[in-house]
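To start, the structure itself, in structure tokens.
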Amino acid sequence: MKLRTLILLVMLSCTTVPLIIFHLLNVTSEKQLLRNETIAKLQDVADINHKRITSLLANKKNAVALIKSRTQLRNLLKQTSSKPEHHLVKKIGEIITHAISSSTNIYGIAIYNGYKELVFTSKDDLQSLINTSDLKTDGSLYNVKILFSEESQLLLFIEPIELNEQLIGYIEVAFTNNELQAIVNDYTGLGKSGEIVLASRDTNGDAIFLTPTRNDPSVALSFTVPKSNLEIPITHAINGTNDIFPDYVDYREIPVLAISHHIPETDWGMVVKIDKTEAFKRVEQLNLQSIEIVIGTLCFVSLLSFILISWLTKPFFIIHKALVTAADGKHFSITDKHTIHEIQEVIKSINFMLKQRDLTEQALQSNIDELIKLNNQLDSEAERFKRWKESNFIGIIHSDAKGNILDANTTLLDMIGYTKDDLLNGQIDWKNLTPDKYLPLDLRAVEEANEKGYWTPFEKVYMHKLGHEVPILIGGSIFNKTSQEFIVFIVSLADKYKQMRELERYRGIVENSNDMFAFLDLKYTFITVNEAYLKLHNKNRDEVIGRTVSEILGHPLFDKVKSKIDKALQGETISFKETLFASTPKERKLQVSYIPYHSNDEEIIGFIFKGEDITELESKQKLIELKEAEQKRIIESLLEGIFTTDSRGTILSFNPEAENIFGYKEHEIVGHSIDELTDGVGHHTEKLANYIQSGSSQIINNRLGRDVNAKHKTGYIFPIRISVASMPLTECEELHFIANFQDMSEHEQQAKLINRSSKLESLGNIAGGVAHDFNNILGIILGYTNLLENFSKDTTTSLKAIERACYRGQKLTGNLLTFAKKTPSSPHYVNINELIQKNKKLLEAAMTSKIQLTLNLAANIEQAYLEENLFEDLLLNISINAMHAMPNGGELRISTEQILLPQERMQALELNTPNIIKVSFKDTGIGILPENIDKIFDPFFTTKKETGNGLGLSQCYGFVKASNGAIDVVSQVEKGTEFTVYFPSVTKKPTSVPPTVTDQPLILPEAIKTLLIVDDEEDIRYLIKSFLESTHVQVIEACDAQEGLSILQQQSVDFVVSDVIMPNSDGIEFIQSALTIQNNLHYLFISGFIDCEDTEHLTTDKILYKPFNKQQLIKKILDVTK
């Protein structure tokens, strides 16, 4: 540092440092004062806004109290709690609408009853803004929430409504949030950067912001502050803590001065803050003024210091000039005088020193010349040693006889795994690096160096830092004999040993290989061979080495391969197959390769023979080819179509029968998707993907196969039965599938013919049976009708006999309809176990005491949906059949079980659900003959001759099928029969209504004044008119639908009774047209048989089946008009 600079710094420091300290103290004091004033101002703003908010909430609460205090509203709400009728809700809506219209800031109002059910809302979104838990009477001062609807931000009040100190409901009033936002957005006293933030808790206790911020209106409403984050002021405010945050950085990443303020009335939190830059603006102005004073002082002191420095430093410049001149080799003496005594003495001493310098300089020059000569020689030697040391192929050590390594180059350190730091820390000792067995070699080398000045290089090992041995070649010379220091040169032999080990390994691989190897020179002479080659020719090594190819293989074979060997000697690799007879008469097949062998100079010096015995491989390959050809012939000769696909549904193969069935040639379809072979609705590619993902499928690996529709090349759709199986994974771990299928077109035609023939046969049986039974019935009716002509006979007896014959005919037709699944049924939910227990006594009585009835009913089975009467008929029919099969007595075991059917069994039984109730009937009777087992469900088929009519089991079959179930039978002659019935189970509970029983005659309601009968049978019209002629109803007749419509157009009718099956236009079409004329018309269908499905008009409660009596007709009319 220069003298003038030092003097200048001292003077400036003595004047400016006190000024700076005073400035800092002043600014700090002023900043603390401003901070306290700003915090007080923020707290005042928070207190004022707290009062404004509570005042606003009190006004809103009073407004809610005014609305809910209306006596009419409370009376109406109490009435709706017990009977929510539409006119009551409408009146509540009128009151609420009037209340909303009286205030401009009410967004909407919702009313809830005491059960927290919505009664009325003026806005559809009000109910979704709250939870039922918000409807409470916890006595809090304000049950208020701030929420967001699709239109705006809302201030939501929820209050209980009481009548006579009894809770009758709740009111939810949503105010627009403009007034609260106006309070929060009033930044009076907060300058340009201050703002107010308001927040509350959510259901998790985290903070959610209720109002937008001043600087970014959207940011506060877009995120939630966790309750555990205590670094944010709003968390303190919500937790009830009024605190100061002097060093908080807000969401804009700007430092602010903030306070937290809790609003206990609503459990809200409020934060009031202002930017620090604005709060401490006055401090910044004071800071600038102080800096200006300091700068002015510095300028004055600098000028004063410059004048003083010029006077004090002048003699020093003179001394400096003298020394610089002397340094340039020139003689110089200082002649100036100075008033300061000490400086003058310094000048005299310098003059003396300069004189002595000139004398010594001359003596030194001669010594320097001698040293330069010696130094040049030393630099030359050092440069040569440096090149050795920095070489990357040789390690160099400077060590002593005690084992200390004084220095080492990087090559040596890398060789043994150490670093330069390890060397400097003394962690490397050449005696410790050397295993004990090599230390005698090192001691002999030291002795040799002391005698000769160097030692002869020898091989040893150093221990690597990681613990393994590093083979080296070490040599050295003595560096300082007195201190016993040596320079040691080390070469790593690791690569050499590695190559030797690798070469030995390769030699072992070649020697032990099953393949034959030999190396021959340019004269076709064997240089070396492996054991496999000797074994092939049954020779030892001495018999082959040094011999030529012709001597070992013979001249004929040598002449055959010589041209190939010559090509290899020209640089070409030759491969071919060759057959030869070596040491045995058995023929051997070889895969031969001649490979040119190059020297290090890339010159060809011979070739390598490589031979692989492929005799067995060729044999196996031929067997595989024969087997594949045989499999291909089998597949091509099959009468079933077969194709294979990959996991993506791409066709891989297509046999000739598949070509015949689909019309595609194999080359036309291979590579295409299997969806091209379907009717467009199969989505078989998706099914393969689902099987690969889930491992289950209804068709893949299903032994039963599946019937599907296929598409021919020409475009027509035809049926096939297909079975698909997954194949073992390929070598590439890919899943393939194989499908076999048959064209079912001809099979379906044959099935239709057989089915038609069976139907005709069954129809003949039915016709005969029906004719027999109806002839009996008609005989009874005709006979007793003749008796009625003779009035002397008892007419009551005759009429009762005719009535019984009619009911008998009704039951017969009912059985036929049940078999045809057209029965007028009314199924409901039943417990099968209860039905069996209920009919146990009846079954025991029907089967007599010779038959033992055993019930094995599973507990907790689910319910079934079926007709109770028909199930009881099934129990009775099968039980009576079992009794007839056990004439000498036996046991009938009825058991139930809740089961889950597998997919294949469910498909075989044609069931729609796997959840099944299984009911079994197992007897110990005589069994069923095999030739009869397929006929037992045919109508009128019986083996009981005089005692049976053949309708029992057919009726059971029809009932089970109508109930979406299945029935199966297994029988062994002389061992017994087991009937198994499967019903789908349901989980719905029955909701039964106990029937009302009355013995009083039924009367038509007074509302029916006019009744229209539409039926093409005149006797039916007359019968119904006769039934009703004693009543107050006017009966009008129409013989068909056209006449009925004409009557409806001319006059009003209260009720219509219509037949279903009529000529020209049926009853359903008639009712549809009638409802267009008179839309509130009541109607009832009457019919003996219905083969129509109209779920809109033809419902069970509007059908009366023929035959019927007067009371049945009137009861049905009463049911329809309820």
Among Tyr462, Tyr524, which is the only one that is surrounded by 15 or more Cβ atoms within 10 Å (Cβ to Cβ), touching a strand residue (DSSP E or B) at 6+ places or on another chain (Cβ under 7 Å), assigned by TED's automatic domain parsing to the domain that holds Ala408 and at pLDDT 85 or above? Tyr462
Yes or no: Phe979 assigned by TED's automatic domain parsing to the domain that holds Phe871 and at pLDDT 90 or above? yes
All but one of (1) surrounded by fewer than 14 Cβ atoms within 10 Å (Cβ to Cβ); (2) touching a Lys or Arg at 6+ places or on another chain (Cβ under 9 Å) hold for Ser366, so report the exception by its number. (2)
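From Gly680, Gly649, Gly695, which residue is on the phi > 0 side of the Ramachandran plot and either of a type in the set (Ser, Thr, Tyr) or at pLDDT 80 or above (or both)? Walk me through how you get there before you give the answer.
Working: Gly680 fails: either of a type in the set (Ser, Thr, Tyr) or at pLDDT 80 or above (or both); Gly695 fails: either of a type in the set (Ser, Thr, Tyr) or at pLDDT 80 or above (or both).
From the options Gly680, Gly649, Gly695, the qualifying one is Gly649.
If you go through the stretch 190-203 one residue at a time, do you hit one that is under 25 Å from Pro226 (Cα atoms) and at pLDDT below 80? Walk me through how you get there before you give the answer.
The initial filter retains those residues of the stretch 190-203 that are under 25 Å from Pro226 (Cα atoms), namely 194-203.
The next check asks that each one be at pLDDT below 80; those that pass are 202-203.
Yes, that holds for at least one residue.
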Quick test for you: out of Ala494, Ala532, pick the one residue that is modelled with pLDDT under 85 and closer than 30 Å to Asp400 by Cβ. Ala494
In the stretch 874-902, residue farthest from the chain's Cα centre (by Cα) [restricted to those that are surrounded by 15 or more Cβ atoms within 10 Å (Cβ to Cβ) and of a type in the set (S, T, N, Q)]: Asn881
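Regarding the stretch 87-97, can at least one residue be identified that is out of contact with any helix residue (DSSP H, G or I) (no Cβ under 7 Å at 6 or more places or on another chain), closer than 15 Å to Leu155 by Cα and of a type in the set (A, V, I, L, M, F, W, C)?
Quick first cut of the stretch 87-97, residues out of contact with any helix residue (DSSP H, G or I) (no Cβ under 7 Å at 6 or more places or on another chain) only: 87, 90, 93-94, 96-97.
When the remaining residues are screened for being closer than 15 Å to Leu155 by Cα, the result is none.
Scanning the stretch 87-97, I find no residue that is out of contact with any helix residue (DSSP H, G or I) (no Cβ under 7 Å at 6 or more places or on another chain), closer than 15 Å to Leu155 by Cα and of a type in the set (A, V, I, L, M, F, W, C), so the answer is no.
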Just one of Leu3, Leu24 is more than 30 Å from Arg282 (Cβ to Cβ) and modelled with pLDDT under 85; which is it? Leu3
Regarding Phe1070, is this residue at pLDDT 85 or above and surrounded by 15 or more Cβ atoms within 10 Å (Cβ to Cβ)? yes
Assuming Tyr248 fulfils every condition listed in (1) within 25 Å of Leu34 (Cα to Cα); (2) touching a Leu at 6+ places or on another chain (Cβ under 7 Å) apart from one, which condition is it? (2)
Limited to the stretch 335-373, what total is found for residues that are touching a helix residue (DSSP H, G or I) at 6+ places or on another chain (Cβ under 7 Å) and either outside any helix (DSSP H, G or I) or in contact (Cβ under 8 Å) with a residue 40 or more places away in the chain (or both)? 3
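Among the listed residues Leu77, Leu66, Leu126, identify the single one that is out of contact with any Ser or Thr (no Cβ under 9 Å at 6 or more places or on another chain) and modelled with pLDDT under 85. Spell out the reasoning first.
Working: Leu66 fails: modelled with pLDDT under 85; Leu126 fails: out of contact with any Ser or Thr (no Cβ under 9 Å at 6 or more places or on another chain).
None of the others qualify; the one that does is Leu77.
Being assigned to a helix (DSSP H, G or I), touching a residue at least 24 places away in the same chain (Cβ under 8 Å) and of a type outside the set (A, V, I, L, M) is the filter; apply it to the stretch 79-102 and report the residue that is nearest to Glu165 (Cα to Cα).
Once the filter is applied, the top-ranked residue is Ser81.
Residue-wise test of (1) of a type in the set (D, E, K, R); (2) farther than 30 Å from Gly269 by Cα; (3) in a helix (DSSP H, G or I).
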position: Leu8; (1), (2), (3): no, yes, yes
position: Cys14; (1), (2), (3): no, yes, yes
position: Leu19; (1), (2), (3): no, yes, yes
position: Phe22; (1), (2), (3): no, yes, yes
position: Val27; (1), (2), (3): no, yes, yes
position: Lys31; (1), (2), (3): yes, no, yes
position: Thr38; (1), (2), (3): no, no, yes
position: Gln43; (1), (2), (3): no, no, yes
position: Ile48; (1), (2), (3): no, no, yes
Within the stretch 445-476, residues assigned to a helix (DSSP H, G or I) and touching a residue at least 12 places away in the same chain (Cβ under 8 Å) come out as Ala445, Val446, Ala449, Asn450
Matching option when the condition is under 55 Å from the mean Cα position of the chain (by Cα) and without any contact (Cβ under 8 Å) to a residue 40 or more places away in the chain, among Leu76, Leu57, Leu33, Leu42: Leu76
Whichever residue in the stretch 143-167 is under 25 Å from Gln72 (Cα atoms) and surrounded by fewer than 19 Cβ atoms within 10 Å (Cβ to Cβ) and, among such residues, is modelled with the highest pLDDT: Pro160
When you look at Glu868, is it at pLDDT 90 or above, more than 37 Å from the chain's Cα centre (by Cα), within 27 Å of Thr987 (Cβ to Cβ) and among the acidic types (Asp, Glu), yes or no? no
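So that you can scan it fast, the table gives a plain yes or no per residue for (1) surrounded by fewer than 20 Cβ atoms within 10 Å (Cβ to Cβ); (2) at pLDDT below 85:
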residue	(1), (2)
Glu904	yes, yes
Pro914	yes, no
Ile917	no, no
Glu931	yes, yes
Any residue that is outside any loop (DSSP other than H, G, I, E, B), modelled with pLDDT under 90, charged (D, E, K, R) and touching a strand residue (DSSP E or B) at 6+ places or on another chain (Cβ under 8 Å) - is there at least one of those in the stretch 1088-1103? yes
List every residue pair whose Cβ atoms sit under 7 Å apart, with the two residues 6 or more apart in sequence or on different chains, where the first one lies in the stretch 422-438 and is of a type in the set (Asp, Glu) and the second, anywhere, is surrounded by 14 or more Cβ atoms within 10 Å (Cβ to Cβ). Asp422/Ile428; Asp429/Gly403; Asp429/Asn404; Asp429/Ile405
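Can Gln852 be described as over 15 Å from Ile967 (Cα atoms), surrounded by 15 or more Cβ atoms within 10 Å (Cβ to Cβ) and touching a residue at least 40 places away in the same chain (Cβ under 8 Å)? Give the steps one after another, and end with the answer.
Details: over 15 Å from Ile967 (Cα atoms): yes; surrounded by 15 or more Cβ atoms within 10 Å (Cβ to Cβ): no; touching a residue at least 40 places away in the same chain (Cβ under 8 Å): yes.
No; evaluated as a whole, the condition is false for this residue.
The values are calculated or read from the model by the stated rules, or taken from the named source; none is laboratory data. Predicted model only: the values in this text are computed from it and were never measured. Don't worry about glycine lacking a Cβ; one is built from the backbone with ideal geometry, like all the others, and counts go over all protein chains shown.
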